[in-house]
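Here is the structure we will look at, set down as structure tokens.
FYI, it's all coordinate maths here, none of it is from the lab. This one's a predicted model, so the numbers in the text were calculated from it and none came from an experiment. Reconstructed Cβ throughout: ideal geometry from the backbone, glycine too, with neighbour counts over all protein chains shown.
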Amino acid sequence: MNPFTIHKGLVAPLDAMHVDTDQIIPKQFLKRIERTGYEDVLFFDWRYLDDGKTPNPEFEMNAPRYQGASILLARDNFGCGSSREHAPWALFDYGIRSIIAPSFADIFFNNCFNNGMLPIRLSADLVEELFQQTRAAEGYSLEINLPGQKIIRPDGSAISFEITPFLKQRLLNGWDQIGLTLRYEDAITAYEEKRAAARNA
Amino acid sequence: MKKNIYQKIWEAHLVCEPEGEDAILYIDRHYIHEVTSPQAFEGLRLSDRKVRRPDLTYATMDHNIPTTDRSLPIADILSRAQVETLKKNCAQFNIECFDMFDPRNGIVHVVGPELGLTQPGMTIVCGDSHTSTHGAFGALAHGIGTSEVEHVLATQTLRQKASKTMEVRINGTLPPGITSKDIVLAIIGKIGTSGGTGYVIEYTGEAIRNLSMEARMTICNMSIEAGARAGLISPDDTTIAFLKGRAMLPKDRSFEALAEEWKQWASDPGCSYDTLVELNAEDIEPQVSWGTSPEMVGGISGTTPVLADVADVNKRHAYGKALEYMGLEEGMPLQSIAIDTVFIGSCTNGRIEDLREAAKVLRGYKKADSVQRALIVPGSQAVKRQAEEEGLDRVFRDAGFEWRESGCSMCLAMNDDKLAPGERCASTSNRNFEGRQGKGGRTHLVSPAMAAAAAVKGVFTDIRNWKYQD
Ligand code: SF4
């Protein structure tokens, strides 16, 4: 997994509450057995007209000014619904590296960290402010500084954010979680032995 | 100290809590299915890792498989490849797989409990958000992503931070006609789809104690729709009676010894939780969802919302968009909504008791002519056999329903069972998201009895006034 340290990128708004993983990537694209190649099907039903090819002009992210965005601005409860990791895969393949929202669904939130993406929770008021600033200024970009836990706006002002030390370290180092856990393999074996002994007692 | 069930299970499964890292929690049971596992197995191969405990891992096929004639090859090439990939992976890593032709096949959350693989006090995971279903047995069960599936396969553990706990207490006795589906929809209507985020829910109270295991599974199943990763119910005599005689219980101890152990997991009387939500069973009406999120739901005597009455601006916007997508007007009585299709099935309401309830309503009736399609999809092959033994399939066929093989089917419309744009469906599944049952499809979540009654009337109707023909 690639480390996430400091990321500067264009911001795109997705103005809807409760964006569920069925919207992020509809089920017909879950039949593949690969982990990559989902960039064109992100937000499929919103992004394209009924022919499944022509970009929907009504979908805000389709505007030319948001092309190449790597930071997604969203509303409450982003990523709710199914546990499909295809949702963060599709966002990542599209180029998104960080998502800012007032709240996230638990499973989606976890899935992001396993793919080197940083979901950031900010207050609803701050998110609203960022929505307004993003729409007001074409080319609006943010710099996300994970070591310093802050978001730096174009005017230089900073917003700080919370993250647990463990998740922060994992992203900063791009650690493979399985490798990290296998360092405690002895403890796992000891646990299994202890349980087996208790059962046979 | 008095402990709740979540605290007991958490402590008993802690492998270790390395300094500055999330805890390592041991996993007793890992279920896998065809859609969220292929990339996990591929990951294992790429890093040359093994499955640590194939004996604790079970696979089934459910999301992608046809519910029509199974003797034919699966027409969709990608679906077929995914199903075959699961079979190959299970063979390579020595995992037992209930494939399409296995009599034990069915939806993962129906199969685990009916085989007795799901037991009180266990930690259970699956790459599927409705793993919360297994919480009905007093197990800590939740959905995980594919990277975590790979993690569990390789280590038999999961990295976790302890959750907060929420007690959802349902007081009193459930009025006739009200089911556990109505309870859980009413809960979600009250706390919202993110009300349970960060929490594990325990459902308590007299109304919950009086529910059957099937009904308890329906409630725990939809915990995820309230934002909670897991929802559980302390085991009691009902739990134990359900498990008695199940095919895949441990063989090294007597059932009495197992039952004794299981009971110990129940929350201690007087234990505490981080927060409490209370509902009175008497106040719960039959529920019908009207929008595109399970929290957009109301009692059958009510109406769709009037936007001017919605104070919060983001919510008003979301409601407006939902009504537009659903093709509904503001302030419309729910009983005036006419449907095209009925789907009875899924891991929420595809168990034998659900089919019995639907059959009870349908006996002696036919679906309305305006209802073009009515499907019954049993949750598992065992449910299908049982229903046929009881003659329920005949009741459904006589009422104009199609009787199918088991699977996820129109719950997520990954196979051929899907809605056309604009088609309106009374569905016993769990998600009314845009396009969930097919692009442009409109889903109304209801109980099996309400779905059956809607099939007969062609519109939603109050099941409390139903004239049963015995
Ligand atoms: S029935 Fe629906 S909710 Fe349940 S596992 Fe299948 S697709 Fe998921």
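List of remarks:
- Paramagnetic label reach from B:ASP55 (point 7 Å along Cα→Cβ; backbone nitrogen cut-off under 18 Å): within the stretch B:234-257, residues B:248-254.
- Only beta bridges with both residues in the protein assembly as shown are counted; by DSSP, about 30 percent of them are antiparallel.
- Dipole magnitude of chain A about its Cα centre (Cβ charges: Lys, Arg +1; Asp, Glu -1), debye to nearest 20: 560 debye
- Relative to the longest principal axis of the Cα atoms of chain A, the long axis of helix A:124-136 makes an angle of roughly 40 degrees.
- Note on the stretch A:6-175: Lys pairs 8 or more places apart or on different chains, Cα atoms under 27 Å apart, count 5.
- Estimated distance in nm for a label pair at B:ARG80 and A:GLN132, the labels positioned 7 Å out from Cα along Cα-to-Cβ: 5.8 nm
- Tensor-based shape of the stretch B:80-126 (alpha-carbon gyration tensor, a/c under 1.5 rounded, otherwise prolate or oblate): prolate
- In terms of its C-alpha gyration tensor, the protein assembly as shown has a rounded overall shape, because the principal axis ratio a/c (a ≥ b ≥ c, square roots of the eigenvalues) stays below 1.5.
- Here is the tail figure for the stretch B:200-272: Cα pairs spaced more than 22 Å apart come to 30 percent of all pairs.
- With distances taken between every two different alpha-carbon atoms, the stretch B:267-355 has a Kirkwood hydrodynamic radius of 16.0 Å.
- 3J(HN,Hα) along the stretch B:177-186, derived from phi through the Karplus expression 6.51 cos²θ - 1.76 cosθ + 1.60 where θ = phi - 60°, amounts to x, 9, 10, 5, 4, 5, 4, 6, 5, 5 Hz, with x in place of Gly and Pro.
- Counted over the stretch A:6-175, the DSSP beta bridges are approximately 50% antiparallel.
- FRET efficiency for A:ALA198 and A:HIS7, using Cβ-Cβ distance with R0 set to 56 Å, rounded to 0.05: 0.70
- Among A:LYS31, A:LYS168, A:LYS150, the largest mean-square fluctuation in a Gaussian network model of chain A (Cα springs under 10 Å) belongs to A:LYS31.
- Bins of 10 Å from zero: percent of alpha-carbon pairs in the stretch B:365-470: 15, 45, 35, 5
- Shape analysis of the stretch B:49-189 places it in the oblate category; the axes a ≥ b ≥ c from the Cα gyration tensor give an a/c of at least 1.5, with a/b not above b/c.
- Sparsely packed loop sites in the stretch B:1-96 (the trypsin sites (Lys or Arg not before Pro) outside DSSP H, G, I, E and B with at most 12 other Cβ atoms within 10 Å) comprise B:LYS2, B:LYS50.
- Cross-link reach list, lysines versus B:LYS384, counting only Cα pairs under 25 Å and skipping chain neighbours closer than eight places: B:LYS87, B:LYS181, B:LYS244, B:LYS360, B:LYS366, B:LYS367, B:LYS418
- Neighbour net charge for B:GLN82 - beta-carbon separation under 13 angstrom, K R +1, D E -1: -1
- Selection from A:GLN133, A:GLN23, A:PRO147, by position along the positive dipole direction of chain A (Cβ): A:PRO147
- 20 Å reach of a label modelled at B:LYS467, 7 Å along Cα-to-Cβ, counting backbone N of the stretch B:160-181: B:177
- Convex hull of alpha carbon positions in chain A: directionally averaged projected area 13.8 nm².
- The C-alpha atoms of chain B define a longest principal axis, and helix B:352-362 lies at about 10 degrees to it.
- Rg/Rg_globular for chain B, with Rg_globular taken as 2.2 N^0.38 Å and Rg from C-alpha atoms: 0.94
- Burial ordering of B:CYS16, B:CYS220, fewest other beta-carbon atoms within 10 Å first: B:CYS16, B:CYS220
- Rg in Å to one decimal, and Dmax rounded to a whole Å, for the stretch A:113-196 via C-alpha atoms: 19.1, 63
- Cleavage-rule hits (GluC sites (Glu not before Pro)) in the stretch A:128-162: DSSP loop, at most 13 neighbouring Cβ within 10 angstrom: A:GLU138, A:GLU162
- Point-to-point label distance, B:SER212-B:LEU72, nm (Cα→Cβ direction, 7 Å offset): 3.4 nm
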